[in-house]
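Single-structure report; data block below.
The values are calculated or read from the model by the stated rules, or taken from the named source; none is laboratory data. Quick caveat: nothing in here was measured; it's all calculated off a predicted structure. Neighbour counts run over all protein chains shown; Cβ positions are idealised from the backbone, glycine included. All accessible areas refer to the heavy atoms of the entire protein, side chains included, with ligands and DNA or RNA removed. Shrake-Rupley method; radii C 1.70, N 1.55, O 1.52, S 1.80 Å.
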Amino acid sequence: MSTNTHSRKNHKNTSHLNGVIDGAEALVAATADLGEDKLVGLRKQLQGDLEMARDHLERIESELKTRATGIDDYVHENPWQAIGIAAAAGVIVGAVAFRK
């Protein structure tokens, strides 16, 4: 996955969570001095935002579990290649860390 794609996905995720937060803040503000009709509308909107956020988090969790299972299977099927990849990654991270 490219950095650009990852950045766009993070922005989309942040937008969903910001929508939930905005809805919660609006609901809190509405309870102070508005009538029941406005509260009902804000509660419905917040409930929808919360359901979207929950669905999104469930999809992320499912995807992560699938990827983790795939990685686990690969490591069990190819232990020496996995060790080589881990060693190479360690060298790269070390080189970048000590470069600065």
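In segment 37-56, which residues are more than 15 Å from D22 (Cα to Cα) and either open to solvent by 100 Å² or more (accessible area, probe 1.4 Å) or hydroxyl-bearing (S, T, Y) (or both)?
Passing the criteria: D37, K38, R54.
Could you give me the residue pairs with C-beta distances under 7 Å whose first residue belongs to segment 60-88 and is more than 30 Å from H16 (Cβ to Cβ), whose second residue is of a type outside the set (A, V, I, L, M, F, W, C) and part of a helix (DSSP H, G or I) wherever it lies, and which are 6+ apart or on separate chains?
These pairs meet every condition: A82/Y74.
Considering segment 63-100 alone, what residues qualify as being surrounded by 10 or more Cβ atoms within 10 Å (Cβ to Cβ) and of a type in the set (F, W, Y)?
Selection gives Y74 alone.
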